[in-house]
Amino acid sequence: MDLHSARFVILFLYILKEGFEYFVQYLNLKHMTAAGHLIPAEFEGKVDAPLIEKMQGYESDKTRLGFISSAAGNIASVVFIFGGLLERYSAWMTSLHLSFIVSGWLFFLLLSLAGEILAVPFSLYAIFRIENRYGFNATTLRLWISDFIKSLVISTIMYSLAIFAGLWLIEWSPLHWWSWVWAFLFAFSMVVMYITPYVIEPLFNKFSPVDDESLKDKIAALANKAGIKTGRILKSDASKRSRHSNAYFSGIGRTKRVVLYDTLLAQMDSDEILSVLAHEMGHWKKKHILKMLALFEAFSFIGLYAAYRIMQSDLLLQVFGMGAGTLFVKMLLLGFIAGIVLFPLKLIVNFISRRHERQADLATYELTGETGGLIRALIKLSKENLSNFHPHPLYVALFYSHPPVTERIRYLKSLAS
């Protein structure tokens, strides 16, 4: 195969991958519509026909917007890479005669900002049309603009720190930069996890101690049973943006804490809240976070070494028909190809994640001694969040990090029996 043909093969594979994802989403909508009138046994007497219709409408609207936004991003990527714009962009950056580090920082930062701007209209439509239509949105335009600016500033700072450090390591150690960059990114991610609860999260939400002392004592006792030092137990004013509910652990080491959305506290009783938290504690108890982190770091280590080896030559530039290009162009092209080659990993990672979720459900039973609380919580969350009761199996395999809610409830009932 000549290099010219290789370029078209890459484009064909990219379109095939994206087309397959669109097809699976289409299958999911068809499957949901065909089975939409059926109320799962787990929800009999708890939902009615109007609510089922509302769930279907919400899923359909989100999927259609996803089609359009994804297509816009794909078209922009293909035109930029295969239409000659990348080569012109690289030539313009070279003409500025900047240093290696500053040139690379500007090269990637401008592309990142372009992606953020492209996503703005779709984000606005999702929040102020779809989320509004189904009663979820509580965000004002002023708050959205404030959040957008804060997120942009924070991401720019984080992005810049990572790029400056990574490019400095490449310049400092041309033969072994891949290992140094891997070590830096690992350390950097740990620092970010450590400072996020006290530096980043307070920029968006207000956190205060949970008012219910009895609930706090029960959470502390549950965490102690799971062998977890919880730190503080806080509630977040999430309702000022959305009526969706959630609970999560944040931080590592001394900054670790439990955060409950105020919407969750309003929707659920103490047993249901404890069950939700027991599920999250189950992830810690089963070391799921550590296992996924180890898996990610192993792949990152291998990936960076492979990137180092591939970028030693100009093969990528030749395949994409570029007469000249910088290391940054090679990185971008390699990332584009990696998205195609590593597509099967998406199925594997989601499979592992769904398995971990089932293990965390089992841990909930082990920690609380019952499953009723989590079952009631899942039913409430499904109704409140308008979840799809009838996802297509292929859609689940490709996009679901959690088992479908009906499967989870069925599994929890089997534990109780």
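Tabulated data for the structure shown
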read-out	value
Only one of 374, 367, 398 that is touching a Phe, Trp or Tyr at 6+ places or on another chain (Cβ under 9 Å), of a type in the set (A, V, I, L, M) and more than 25 Å from residue 16 (Cβ to Cβ)	374
Among the candidates 76, 6, 34, 41, residue that is closer than 21 Å to residue 126 by Cα and either within 23 Å of the chain's Cα centre (by Cα) or hydrophobic (A, V, I, L, M, F, W, C) (or both)	76
Selection from the stretch 320-363 of residues that are β-branched (Val, Ile, Thr) and within 25 Å of residue 296 (Cβ to Cβ)	337, 340, 341, 348, 349, 352
Qualifying residue in the stretch 288-300 (condition: surrounded by 17 or more Cβ atoms within 10 Å (Cβ to Cβ), closer than 30 Å to residue 383 by Cβ and in contact with a strand residue (DSSP E or B) (Cβ under 9 Å, 6 or more places away or on another chain))	no
Scope the stretch 397-408; condition under 15 Å from residue 59 (Cα atoms) and surrounded by fewer than 19 Cβ atoms within 10 Å (Cβ to Cβ); matching residues	399, 400
Pick from the stretch 283-303, criterion among the basic types (Lys, Arg) and part of a helix (DSSP H, G or I), ranking: nearest to residue 364 (Cα to Cα)	285
Tally, over the stretch 232-260, of residues that are more than 20 Å from residue 275 (Cβ to Cβ), of a type in the set (Ser, Thr, Tyr) and at pLDDT 75 or above	2
Residue in the stretch 143-156 that is of a type outside the set (S, T, N, Q), in contact with a Gly (Cβ under 7 Å, 6 or more places away or on another chain) and in contact (Cβ under 8 Å) with a residue 24 or more places away in the chain present	no
Whichever residue in the stretch 118-161 is of a type in the set (Gly, Ala, Ser) and part of a helix (DSSP H, G or I) and, among such residues, is surrounded by the most Cβ atoms within 10 Å (Cβ to Cβ)	126
Any hit, the stretch 166-173, residues being without any contact (Cβ under 8 Å) to a residue 60 or more places away in the chain, in a helix (DSSP H, G or I), among the aromatic types (Phe, Trp, Tyr) and over 30 Å from residue 381 (Cα atoms)	yes
Residue within the stretch 295-311 that is touching an Asp or Glu at 6+ places or on another chain (Cβ under 7 Å) and at negative phi present	no
In the stretch 1-45, residue surrounded by the most Cβ atoms within 10 Å (Cβ to Cβ) [restricted to those that are hydroxyl-bearing (Ser, Thr, Tyr) and modelled with pLDDT of 85 or more]	14
Only listed residue being touching a strand residue (DSSP E or B) at 6+ places or on another chain (Cβ under 7 Å), surrounded by 15 or more Cβ atoms within 10 Å (Cβ to Cβ) and not in a helix (DSSP H, G or I), chosen from 277, 260	260
Qualifying residue in the stretch 185-203 (condition: over 26 Å from residue 146 (Cβ atoms), outside any helix (DSSP H, G or I) and at pLDDT 90 or above)	no
Filtered residues of the stretch 364-396 (kept if buried (at least 19 other Cβ atoms within 10 Å of the Cβ) and on the phi > 0 side of the Ramachandran plot)	386
Yes/no for residue 141 being over 21 Å from the mean Cα position of the chain (by Cα) and within 30 Å of residue 61 (Cβ to Cβ)	yes
Filter pass, residue 54 being surrounded by 15 or more Cβ atoms within 10 Å (Cβ to Cβ), touching a helix residue (DSSP H, G or I) at 6+ places or on another chain (Cβ under 8 Å), in contact (Cβ under 8 Å) with a residue 60 or more places away in the chain and basic (Lys, Arg)	no
Close pairs from the stretch 237-250: first more than 15 Å from residue 385 (Cβ to Cβ) and free of Cβ contacts under 8 Å to residues at least 60 places away in the same chain, partner of a type outside the set (Phe, Trp, Tyr) and surrounded by fewer than 16 Cβ atoms within 10 Å (Cβ to Cβ), Cβ under 6 Å, at least 6 apart	237/206
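Table: residues versus (1) closer than 30 Å to residue 260 by Cβ; (2) among the small types (Gly, Ala, Ser).
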{"position": "114", "(1), (2)": "no, yes"}
{"position": "119", "(1), (2)": "yes, yes"}
{"position": "132", "(1), (2)": "yes, no"}
{"position": "140", "(1), (2)": "yes, no"}
{"position": "160", "(1), (2)": "no, yes"}
{"position": "212", "(1), (2)": "yes, no"}
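Condition check ((1) over 21 Å from the mean Cα position of the chain (by Cα); (2) charged (D, E, K, R); (3) under 30 Å from residue 225 (Cα atoms); (4) at pLDDT below 90) across all residues:
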{"position": "282", "(1), (2), (3), (4)": "no, no, yes, yes"}
{"position": "287", "(1), (2), (3), (4)": "no, yes, yes, yes"}
{"position": "294", "(1), (2), (3), (4)": "no, no, yes, no"}
{"position": "300", "(1), (2), (3), (4)": "no, no, no, no"}
{"position": "303", "(1), (2), (3), (4)": "no, no, no, no"}
{"position": "317", "(1), (2), (3), (4)": "yes, no, no, yes"}
{"position": "323", "(1), (2), (3), (4)": "yes, no, no, yes"}
{"position": "331", "(1), (2), (3), (4)": "yes, no, no, no"}
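The values are calculated or read from the model by the stated rules, or taken from the named source; none is laboratory data. Please read all numbers here as calculations on a predicted model, not as lab measurements. Glycine also receives a Cβ, built like all others from the backbone with ideal geometry; neighbour counts cover every protein chain displayed.
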